[in-house]
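Enquirer: Sharing a structure here in structure tokens format.
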Amino acid sequence: MIWSKLFIPTLRENPAEAEVPSHQLLLRAGYIRQLSAGIYSYLFLAQRSLLKITQIVRQEMDAIGAQEMLLPALNPAEVWQESGRWDIMGDNLFKLKDRFGRDLCLGMTHEEVMTTIARGELRSYKQLPQIWYQIQTKFRDEPRPKSGLLRVRQFIMKDSYTFDMDAAGLDAAYDKHYQAYCRIFDRCGLEYMVVEAHSGAMGGSQSHEFMVASDAGEDFVAVCPGCGYAANLEKAVAAPQPPALADPEGDRAPEEFHTPGRKTIAEVAEFTGLPESSQMKSLVLVADGKPVLVMLRGDHQLSEAKFGMIANDPEFRPAQADEIQAWFGAAAGSLGPVGVKNMPILADRALEGRRNMIAGANKDDHHLRHVTPGEDFRAEFHDLRQVAEGDVCGKCGGTLDVRKTVEVGHIFKLGYKYSESMGLRVLNADGKEVTPIMGSYGIGIERILCAAIELFHDKDGMILPAAIAPFQVVITPANNSDGAQAEAARGIYQQCLALGIDALLDDRDERPGVKFKDADLIGVPWRIVVGKKLASGMVELVDRKTRQATDVAVGEAPALVKQRLR
RNA sequence: CGGGGCGUGGCUCAGCCUGGCUAGAGCGCCUGGUUCGGGACCAGGAGGUCGGUGGUUCGAAUCCACUCGCCCCGACCA
């Protein structure tokens, strides 16, 4: 296409509202404009790039036998009420009413609608398995949209849904998606990792996330460089490590001591001269309306996701000061497990086998020493702690890293949640009604673009992988008012088109510096500069990433680009 | 929803504290000219209800109240 005819509103300066690199560059490079918080218009360049991404997604989905559909974004409340998500999703679901006062919502995913179609039409095991997908706009009333296109209220998602007769079928469908996702992200040029994920409110047994490491991300992932173990921090497990100081031996009885004004783990550690790992941390939580005492090693953090799963209430809350006072007779700085009878005690596995530790005495300004789990109090042991940087890998004994990431894809085994609640049944070979098992799988289309920009940019702009760049090559006559240069550039442009290369001819009447800056900014991977060397039949082929410039014969440039694009 | 910050030509910002000239600068834009290998130069020009409403005042971009919007941190999060 011809640059002088296009609308590519590049900006010299960074708009003030943008913080993360992808947001700044998308605005500066004229890809997007904001309409409202978390709502963006995708201009020509963004749309071109997104179309390339969706095309790759489409090809790889089709390759695993998935069938593309397009479902309504506008949904009646009924189907969401049936699945229970009308209430569960709360304010995150965009809800509206039509003129007759009927409740509607804008879909955030499409389990309900897909299941509605399936239950109306699927009758026999002979029709299974099915893989259905769509690439469609989703809506979420995010409490806080942020970071440009990374967290928005309206975005494009590829979502697919599988229906199988049994767990083995689901395993196969899941694996197909796993492989397809790898091919998609590979083709998009992303560096990513696949991590075990917490399946959260969606239920289901297994779940993986496809993550791109980036400071702009919001998810934390624990990775082991040694063995490749990788898991979302919500789910990650680390091997137990010995405490900083060995426990005192012997069968000692708890013994109260005065700790005036020492409330935090750190204060008590300083006061006693014992490391934090010699203490127990007591947290009082209210799950399902009932109090629970959670015990952790002093230097450990609670994983809210893990507790939510175990307590079977993701909406749990910390107890309030007055509740704690009523239940324990002491304030939060002096709580402990000894003598607690009015609530269950959950303890982290790191406390299993420990002896003679420090804990609160349930008496203000007092603690107990020589508290031994299992002897001085009874607890149910679970993995409750959140893994931290530097913890020991549970698989290989290496050291775990914690990385900030952007989630670009998520696959999970739904199980029977929707097929059950919405009444999807088919007849099996024995003529018996059975409930198919489902999976669901998502890819954030814009997030692929954002993640690529976060991964690949420099001070001058984006360095997009060729597969998702809006153009593959830009042809820049240094001086377009030089007839020979303009003509040669046009010739090269035509040849590129003939070779099937997505080419952009920068015929603008601008100084070369302006054109170079713009080309760098919008992230086109290759540039052919037609300049003074044209006199000797040469043009320059420039690699956006390495900045390496090679002089090549005018006639050979298009073929060379073609070759490099492979 | 809690905390913080910011709203002044298309963009980046100054002016506000301490009210008073015609509301400014750089970039961008338009016209003409000179230029042409990393965001040129000269000359001329267009463009602003200072987010909105109300108040205080002889007088408000500036002070006060309310309100709307945007950004950041937290809470929240298929």
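The values are calculated or read from the model by the stated rules, or taken from the named source; none is laboratory data. Predicted model only: the values in this text are computed from it and were never measured. Positions of Cβ are generated from backbone atoms using ideal geometry, with glycine treated the same way; all protein chains shown enter the neighbour counts. Quick note on the areas: whole protein, heavy atoms, side chains included, nothing else; ligands and nucleic acids left out. Shrake-Rupley method; radii C 1.70, N 1.55, O 1.52, S 1.80 Å.
Enquirer: Check every DSSP H run in chain A and write down those whose alpha carbon atoms cover 27 angstrom or more along the long axis and whose mean Kyte-Doolittle hydropathy is 0.0 or greater.
Expert: Qualifying helices, which must be both long enough and hydrophobic enough, are A:44-63.
Enquirer: For the range A:255-386, what's the relative contact order in percent, using C-alpha pairs closer than 8 Å and at least 6 residues apart?
Expert: Rounded, it is 30 percent for the range A:255-386.
Enquirer: Another question about this same structure. How much net charge surrounds A:LEU400 when only the other residues with a Cβ under 9 Å from the Cβ of A:LEU400 are counted, with Lys and Arg +1 and Asp and Glu -1?
Expert: Within the 9 Å Cβ shell, the charges total -3.
Enquirer: Tell me the per residue accessible area of chain A using a 1.4 Å probe; a whole number in Å² is fine.
Expert: 44 Å²
Enquirer: Which one of A:ALA168, A:GLN136, A:LEU565 has its Cα pushed farthest toward the positive end of the charge dipole of chain A, where Lys and Arg give +1 and Asp and Glu give -1 at the Cβ?
Expert: Of the options given, the answer is A:LEU565.
Enquirer: Once each part is reduced to its C-alpha centroid, what is the distance from the range A:350-405 to the range A:45-65 in angstrom?
Expert: Centre-to-centre distance over Cα atoms comes out at 47 Å.
Enquirer: Could you tell me whether the range A:352-457 comes out rounded, prolate or oblate from its Cα gyration tensor? Rule is a ≥ b ≥ c as square roots of the eigenvalues, rounded for a/c under 1.5, then prolate if a/b exceeds b/c, otherwise oblate.
Expert: oblate
Enquirer: Could you work out what % of the accessible surface of the range A:177-255 is carbon and sulfur, using a 1.4 angstrom probe and leaving DNA, RNA and ligands out of the count?
Expert: 50 percent
Enquirer: What ³J(HN,Hα) values, in whole Hz, does the Karplus curve 6.51 cos²θ - 1.76 cosθ + 1.60 give for the range A:421-434 when θ = phi - 60°, with x put for Gly and Pro?
Expert: 5, 9, x, 8, 9, 10, 8, 8, 4, 8, x, 9, 6, 10
Enquirer: State to the nearest 20 debye the size of the charge dipole of the range A:127-256 about its Cα centre, where the only charges are +1 on K and R beta carbons and -1 on D and E beta carbons.
Expert: 1000 debye
Enquirer: Which order do you get for A:GLU60, A:GLU276, A:GLU556 if you rank them by accessible area with a 1.4 Å probe, largest at the top?
Expert: Highest to lowest solvent-accessible surface, that is A:GLU556, A:GLU276, A:GLU60.
Enquirer: Could you tell me whether the range A:473-565 comes out rounded, prolate or oblate from its Cα gyration tensor? Rule is a ≥ b ≥ c as square roots of the eigenvalues, rounded for a/c under 1.5, then prolate if a/b exceeds b/c, otherwise oblate.
Expert: Rounded shape, in that the Cα axes give a/c under 1.5.
Enquirer: With charges set only on the Cβ (+1 for Lys and Arg, -1 for Asp and Glu), what does the dipole of chain A come to about its Cα centre, in debye to the nearest 20?
Expert: 1660 debye
Enquirer: Further, regarding this structure: For the range A:255-287 and the range A:115-179, what is the centre-to-centre distance using only Cα atoms, to the nearest Å?
Expert: The distance from the Cα centre of the range A:255-287 to that of the range A:115-179 comes to 47 Å.
Enquirer: Given a 1.4 Å probe and every protein chain left where it sits, what share in percent of the accessible area of the range A:424-559 is carbon and sulfur?
Expert: Using a 1.4 Å probe with all protein chains present, the range A:424-559 comes out at 51 percent carbon and sulfur.
Enquirer: I want the antiparallel fraction of DSSP beta bridges within the range A:473-565, as a percent rounded to 5.
Expert: Within the range A:473-565, antiparallel bridges account for around 55 percent of the total.
Enquirer: Whose amide H sits under 5 Å from the amide H of A:LYS138, counting only residues 5 or more places off or on another chain, with H placed in the peptide plane?
Expert: For A:LYS138, whose amide H was placed from the backbone, the distant partners under 5 Å are A:PHE155, A:ILE156, A:MET157.
Enquirer: Find the cysteines in chain A that fail to meet the 4.7 Å Cβ criterion with every other cysteine, and list them.
Expert: Singleton cysteines: A:CYS105, A:CYS182, A:CYS188, A:CYS450, A:CYS496.
Enquirer: Suppose only helical runs count, i.e. DSSP H with n ≥ 4. What mean residue ellipticity at 222 nm does that imply for chain A under -39500 (n - 2.57) per run, divided by all residues and rounded to the nearest 500 deg cm²/dmol?
Expert: One gets -7500 deg cm²/dmol as the mean residue ellipticity at 222 nm.
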